1. Using the Karplus curve 6.51 cos²θ - 1.76 cosθ + 1.60 with θ = phi - 60°, work out ³J(HN,Hα) for each residue of the stretch 112-119 in order, rounded to whole Hz, and write x for Gly and Pro.
2. Lys and Arg at +1, Asp and Glu at -1: add these up for the other residues within a Cβ distance under 12 Å of L119 and post the number.
3. Report, by chain and number, residues whose modeled amide H sits under 5 Å from the one on M144, excluding near sequence neighbours (fewer than 5 apart, same chain).
4. Could you list the trypsin sites (Lys or Arg not before Pro) in the stretch 89-153 that lie in coil according to DSSP, counting only those with at most 11 other Cβ atoms within 10 Å of their Cβ?
5. If you filter the stretch 90-193 for chymotrypsin sites (Phe, Trp or Tyr not before Pro), then keep DSSP loop positions with at most 12 other Cβ within 10 Å, what is left?
6. Under the classification rounded if a/c is under 1.5, otherwise prolate if a/b is larger than b/c and oblate if not, where does the stretch 120-191 fall, given a ≥ b ≥ c as square roots of the Cα gyration tensor eigenvalues?
7. Considering only Cα-Cα distances, which of the following residue pairs are longer than 31 Å: K91/K165; K138/K170; K138/K165?
8. Determine, for T76, T177, T142, the number of other Cβ atoms within 10 Å of each Cβ, and report the residues in order from fewest to most.
Amino acid sequence: MEQPPGYIAQRENIVCRLRKVIYGLKQSPRAWFEKFNMIISGIGFARCHSDHSVFVRRTKSDSVILAVYVDDILLTSSDYMALAETKEYLKRYFVTKDMRKPRYFLGIEVAYQKHGLLLSQMKYTLDLLEETVMLGCKPASTPMEANVDLWHDNSHLLDDPGHYKRLIGKLIYLTVTRPNITFTVGVLSRFMHQLREVH
């Protein structure tokens, strides 16, 4: 354990006593989320069936959608009164900071245009290409070679299957803004049990 920044001990051989743990307990996120769920359901939000970190509240004119990731909350609705009411309600129970329109959320860049939003994962993609040492490669017109036989290949098994699995997970997340690679990523994710060099 190290001394907190800015604190200089007056004597040698002193031990710091920890009075309260703020972060690091396994139960903390679960307890926070249960409290959040209870509070947000108090004004009519219901948890989404397909994604438990998304909450929806139907209003007379529209819906309010709330997405939670750790301690970041993304709120959206075309009903500005319902949006303002939700923000004020959250301020009563939590320390909040309104960042206005999001520019970057969970690796997705948001650009506002006249007729909607443009979502991009440019930085995420460049980081992925750099990690796989493919930053300088030429782009291909199709995400996967046609008629390639991935099923009956006897090439060597991969030494580090964890690297392949992490790469497939990152590519799955990239399909959020790049649906054109969905088929290829789906095909490649079928070989998680026996990864070979051809994959």
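Just so you know, all these numbers are worked out from the coordinates, no wet-lab data involved. Just so you know, these numbers come straight off a predicted model, no measurement behind them. So basically every Cβ, Gly included, is an ideal-geometry build from the backbone, and we count neighbours across all protein chains shown.
1. In residue order, the calculated couplings are 9, 10, 4, 10, x, 10, 10, 9 Hz.
2. With Lys, Arg at +1 and Asp, Glu at -1, the neighbours total +1.
3. Excluding prolines and chain starts, which carry no amide H, there are no hits.
4. On the way: sites: K91, R92, K97, R100, R103, K114, K123; in loops: K97, R100, R103, K114.
For trypsin sites (Lys or Arg not before Pro) across the stretch 89-153 that sit outside H, G, I, E and B with at most 11 neighbouring Cβ atoms in 10 Å, the list reads K97, R100, R103, K114.
5. On the way: sites: Y93, F94, Y104, F105, Y112, Y124, W151, Y164, Y173, F183, F191; in loops: F94, W151.
Here the chymotrypsin sites (Phe, Trp or Tyr not before Pro) that fit, given the DSSP loop and packing criteria, are W151.
6. In terms of gyration-tensor shape, prolate.
7. K91/K165
8. Lowest count first: T142, T76, T177.
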